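Contents: one structure, followed by commentary.
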Amino acid sequence: MAQKLDPWKSSEISDYSKLFDEFGIQPFAEVLDDIPDPHKYMRRGIIFGHRGYDMIADAIRNKKPFVVLDGFMPTGKAHFGHKMVMDQIVWYQKQGGIAVIGMADREAHAVRDLSWDECKKIGVEEYITSLIALGLQPENTRIYFQSESPLVKDLAFELGTKVNFSEMAAIYGFSGETHLAHMIAVLTQGADILHSQLPTYGGPIPVVVPVGADQDPHIRLTRDIATKMDMFTIDQRIDQKTNKPYWSVRGKNAPEKALREINAAIYEKFAVQLPPNNSNKLASNNNSNVLGNTLTGAALGGVAGAIFGGLFSDSVDTELFDRSLNIRGKIPENDLFGIINHIESVYRDKIQPVNDQELGCQDGEMSLFFINRPVGPNGKQYWCITIREDVPQEALVAIENEIKSRFRSLADNILLGAAAGGLVGGAGGALLGLATPSTTSTKPSAISAPSLTKLSKEHIDIFVDINRIELETIVRRVEYNNGGYAFILPASTYHRFMSGLTGGKMSSSIPDSNIALSEEPKSAAKKIMKAKTGGRESADEQRELGGEFDKCSVYELYLFHLVDDDAELIQIQNECKGGKILCGECKKKAAGKMESFLTDLQQKREEAFEKLPLYGIDYKRG
């Protein structure tokens with residue numbers, strides 16, 4: 001019988017291995033060796049599956065930018081099940097990831113009928129303070145509530161154009177009884193996952209979402225919608241005549257010029273000039289030797305000059321979006337900040353004075369503009385300037401105009417290089433023509449090229465040897481430059497669930513089955529002393545046969561949370577199955593570790609309230 005995954009109920013999965021076949025989840029063991037210093041959940045097999053994790057492993061190894069995204073539905077106490085996700089977020093941040101955390105208050109309001117004020121209180125006092133206490137740093141961190149994020153809400157609306165009720169019903173079991181707010185909450189989750197790739201945050205970037213297996217429906221739906229949002233589809237086909245594979249890129253709603261740009265990028269990548277539209281043969285006759293050489297010299301000089309101007313001359317290009325400006329190219333940092341300082345001084349007097357600290361800035365910072373250095377799809381850093389909500393868009397326009405007045409764009413350099421090269425090449429060709437005997441040639445010219453592609457109005461077929469990742473990178477860059485989303489499909493990891501202390505599944509509705517992160521340390525210790533174990537019926541039997549640690553909820557506390565050292569964990573296993581330790585003694589040891597951990601955590605949670613402004617959270621306890 002197929003297993004059903006339900007994101008809104010505590011799923012009890014009987015066989016995790018079946019998820020590989022039934023839902024297409026990949027075994028995490030396949031990528032484990034690619035990760036330097038893997039998290040203990042990875043080493044211990046707690047994280048058992050993934051989708052698309054290869055690009056995250058590559059980003060970690062090669063220090064490339066990536067995002068770790070997760071959300072929490074603020075409906076009750078944050079417990080040790082939630083801590084599993086929090087620990088992973090903190091670990092990814094230490095590996096260089098940008099931590100983005102969404103409080104799913106829209107979902108809580110729609111599914112659990114909590115008020116917005118209740119969602120805010122629980123979200124801050126239970127989840128955000130716990131994350132901070134567990135080690136989340138303010139640098140490279142963005143925390144938001146769904147209901148307070150226009151970007152997320154607007155993107156959710158756009159995603160809604162790519163999914164219908166039948167698809168929702170098939171994935172989630174929705175029926176005529178399901179209210180619309182519940183469906184909107186699902187789309188908002190998709191926007192949570194994808195919004196870090198919007199131009200406001202620098203465009204496409206790898207994103208990983210660590211979740212329990214029950215959340216996979218959200219991941220599948222989001223990856224499916226992200227694909228539908230693309231301008232292009234990429235398929236590998238077989239040529240019926242040659243029986244060789246080739247790539248076909250087809251435009252869905254792409255501008256016509258976008259396919260031409262992909263075509264040009266393919267030829268640029270393989271350092272071959274585009275073939276001319278007419279014959280590849282150039283001929284000269286007895287009466288046109290000088291003219292032919294002059295034109296040929298001008299053409300070759302123009303091409304060389306354009307290449308030199310494009311590749312070796314400093315250029316600066318800009319992309320203006322709503323509320324943000326991207327700047328690519330070689331612009332001296334002092335010049336850029338000088339321009340921004342000038343525009344900032346002009347516009348500061350035009351807007352309502354605001355205390356910098358209220359906006360999350362330190363005294364003396366430029367609070368009108370926020371400046372970042374993300375990495376684009378081509379792997380190169382660029383400048384991204386965003387503006388405060390009360391600053392008019394014209395301030396960014398003023399910065400762009402000032403940059404354009406001082407620096408040449410790539411197109412300018414190519415045209416200047418082509419003109420200069422054409423003049424020099426034309427003169428050289430004329431002299432060559434005077435000195436060269438007249439001949440008639442039917443040989444292909446030096447600038448002809450093999451046909452690497454076949455371009456039509458609606459698609460481009462690519463016959464060159466290029467892998468999918470390289471081709472997707474080119475297509476994504478062209479799509480993004482033509483106003484598309486160019487989403488990179490989000491990656492995900494899946495961890496298995498902890499058992500409840502009372503046996504069975506851990507549930508917030510059964511207080512004795514879980515330990516809250518805000519729980520009194522002694523109360524948590526008492527729960528452990530009453531927990532179900534894998535012990536035998538008598539002490540003598542346990543000494544003789546040993547305990548069954550793989551059936552013990554106390555051992556799971558060691559495995560998931562209380563022991564970081566693998567050698568210590570193995571020792572606990574051996575003592576249990578060798579009958580060298582009884583359950584009472586093992587419980588006391590675990591209870592002591594838990595009490596110490598929670599005592600320290602509660603102090604850090606209190607300190608976290610004072611640090612909330614550093615994370616952009618405006619909240620005061622009532």
Is it true that S166 is part of a helix (DSSP H, G or I) and out of contact with any strand residue (DSSP E or B) (no Cβ under 9 Å at 6 or more places or on another chain)?
yes
Restricted to the stretch 551-566, and to residues that are open to solvent by 20 Å² or more (accessible area, probe 1.4 Å) and part of a loop (DSSP other than H, G, I, E, B), which residue is nearest to G500 (Cα to Cα)?
D564
Out of A110, A99, sole residue that is open to solvent by less than 40 Å² (accessible area, probe 1.4 Å) and closer than 18 Å to F66 by Cβ
A99
Looking at L612, L601, which one is over 28 Å from K505 (Cβ atoms), in contact (Cβ under 8 Å) with a residue 40 or more places away in the chain and part of a helix (DSSP H, G or I)?
L612
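Conditions (1) of a type in the set (V, I, T); (2) under 30 Å from K454 (Cβ atoms); (3) out of contact with any Leu (no Cβ under 8 Å at 6 or more places or on another chain); (4) open to solvent by less than 30 Å² (accessible area, probe 1.4 Å), marked per residue:
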site: S166; (1), (2), (3), (4): no, no, yes, no
site: L194; (1), (2), (3), (4): no, no, no, yes
site: P199; (1), (2), (3), (4): no, no, yes, no
site: P245; (1), (2), (3), (4): no, yes, yes, no
Do we find a residue being in contact (Cβ under 8 Å) with a residue 40 or more places away in the chain and in contact with a strand residue (DSSP E or B) (Cβ under 6 Å, 6 or more places away or on another chain) anywhere in the stretch 171-192?
yes
Residue by residue through the stretch 467-480, note down the ones that are in contact (Cβ under 8 Å) with a residue 12 or more places away in the chain and surrounded by fewer than 16 Cβ atoms within 10 Å (Cβ to Cβ).
R468, E470
Step by step: first the residues of the stretch 130-150, then only those that are within 30 Å of I515 (Cβ to Cβ) and hydroxyl-bearing (S, T, Y), then the one that is farthest from the chain's Cα centre (by Cα). Which residue is that?
S130
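Of the residues in the stretch 390-418, how many are in a helix (DSSP H, G or I) and at pLDDT 65 or above?
So the first thing to find is which residues in the stretch 390-418 are in a helix (DSSP H, G or I), and the list is 394-406, 410-418.
From what's left, at pLDDT 65 or above: 394-406.
Residues that pass the stated criteria total 13.
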Just one listed residue, out of K162, K153, K120, is open to solvent by 40 Å² or more (accessible area, probe 1.4 Å), of a type in the set (D, E, K, R) and either under 17 Å from the mean Cα position of the chain (by Cα) or at pLDDT below 95 (or both), and it is K162
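Counting only residues that are out of contact with any helix residue (DSSP H, G or I) (no Cβ under 9 Å at 6 or more places or on another chain) and under 30 Å from Y53 (Cα atoms), give me the helices (runs of 4 or more DSSP H) lying completely in the stretch 451-550 with at least 2 of them.
Details: elements: 468-481, 521-529, 539-545.
Result: 468-481.
Could you please find all residues in the stretch 73-87 being hydrophobic (A, V, I, L, M, F, W, C), touching a residue at least 40 places away in the same chain (Cβ under 8 Å) and open to solvent by 10 Å² or more (accessible area, probe 1.4 Å)? Please lay out each step first, then the result.
We begin by selecting, within the stretch 73-87, every residue hydrophobic (A, V, I, L, M, F, W, C); these are 73, 78, 80, 84-86.
The next check asks that each one be touching a residue at least 40 places away in the same chain (Cβ under 8 Å); those that pass are 78, 80, 84-86.
V85, the sole residue that qualifies.
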Identify the single condition in (1) modelled with pLDDT of 95 or more; (2) buried (at least 22 other Cβ atoms within 10 Å of the Cβ) that V90 does not satisfy, given that it satisfies every other one.
(2)
With respect to N372, determine if the residue is at pLDDT 55 or above, surrounded by fewer than 16 Cβ atoms within 10 Å (Cβ to Cβ), out of contact with any Phe, Trp or Tyr (no Cβ under 6 Å at 6 or more places or on another chain) and under 27 Å from G616 (Cα atoms).
yes
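The values are calculated or read from the model by the stated rules, or taken from the named source; none is laboratory data. Keep in mind the model is a prediction, meaning the values are calculated, not measured. In this analysis, Cβ positions are derived from the backbone assuming ideal geometry, glycine residues included, and neighbour counts consider all displayed protein chains. All accessible areas refer to the heavy atoms of the entire protein, side chains included, with ligands and DNA or RNA removed. Shrake-Rupley method; radii C 1.70, N 1.55, O 1.52, S 1.80 Å.
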